[in-house]
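Novice: Below are the structure tokens for one structure; questions will follow.
All of the numbers you see were taken from the coordinates with simple rules; none came from a lab. Quantities reported herein were computed from a predicted structural model and do not represent experimental measurements. Virtual Cβ from ideal backbone geometry, glycine too; neighbours counted across all protein chains shown.
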Amino acid sequence: MLKPEGKIIGAVQHITADTQNCFRSFLDTATSFIRKTLGAISNMFYDLEGKKMNDLLVYTDDPSKEEIEFIKNGLKEYNDRIVGDDNHKVLSIVVKDKNENIIGGIIGGTYWEWLYIDRFWIRDEYRKKGVGTRLLKKIEEEAIKRGCKNVHLDVHDFQALEFYIKNGYIVKSELKDLPIGHSKYLLWKYLK
């Protein structure tokens with residue numbers, strides 16, 4: 001006579017075998033689907049001459065000036081066709097000490113009636129003394145003279161986010177973990 005423990009073990013083995021068969025069937029079906037899908041996708045990447053597109057891809061960490069200019073000019077031509085010329089002009093401001101040493105500045109530009117602040121840095125010993133606020137106000141004034149109505153920039157949480165907020169900038173979006181443990185913010189301000 002079979003003991004109750006034996007019946008339980010037999011039932012568990014039967015369930016386990018059925019589960020394994022079901023899982024194997026699922027994996028076979030999924031694998032077949034993935035192979036067919038990847039095959040169909042790879043057939044999409046042919047150029048007009050029938051050459052596979054991935055044969056044309058060149059990866060580089062060091063694109064040539066010609067490659068960079070080609071891509072930049074292509075994007076500019078496309079943008080110009082859609083929304084017109086951006087009238088981009090560089091707008092930068094530098095501050096120096098009494099000995100003509102650079103102590104900080106802002107690098108940016110104006111386009112489509114916007115000021116974009118790309119870089120803004122002040123030497124540590126000149127921070128929290130009003131230098132940054134004066135620079136920011138000056139570049140905003142010049143942008144207004146150029147017809148700008150708004151300004152935008154992006155900044156990390158460790159790059160004086162509170163300074164910008166204090167000067168009227170509004171956080172529009174946040175990218176978390178850029179870099180890990182920190183955030184990057186897109187800020188905007190209406191220029192009066």
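Novice: Given points 7 Å out from each Cα along the Cα-Cβ axis, report the residue 25 to residue 144 separation in nanometres with one decimal.
Specialist: So the two model labels end up 7.4 nm from each other.
Novice: Please report, in whole Å, how far the alpha carbons of the range 55-157 spread along each principal axis, starting with the longest.
Specialist: Result for the range 55-157: principal-axis Cα extents of 56, 33, 29 Å.
Novice: I've got another one for you. How much length is gained if the chain between residue 190 and residue 71 is pulled fully straight, taking 0.36 nm per residue apart and subtracting their Cα-Cα distance, in nm to one decimal?
Specialist: Details: separation 119, 0.36 × 119 = 42.84 nm, distance 3.13 nm.
That pair, residue 190 and residue 71, stretches by 39.7 nm at full extension.
Novice: Sticking with this structure for a sec: Given R₀ = 35 Å, what would the calculated FRET efficiency be for residue 62 paired with residue 92, taking r from the Cβ atoms and rounding to 0.05?
Specialist: The computed FRET efficiency comes out at 0.85.
Novice: Calculate the FRET efficiency for residue 170 and residue 99 from the Cβ-Cβ distance with a Förster distance of 35 Å, rounded to the nearest 0.05. List each step's numbers first, then the result.
Specialist: Details: r = 38 Å, r/R0 = 1.08.
After rounding to 0.05, the efficiency reads 0.40.
Novice: Now, a different point. Between residue 32 and residue 152, what length in nm is gained on full extension when 0.36 nm per residue of separation is reduced by their alpha carbon distance?
Specialist: Here the segment from residue 32 to residue 152 would lengthen by 38.3 nm.
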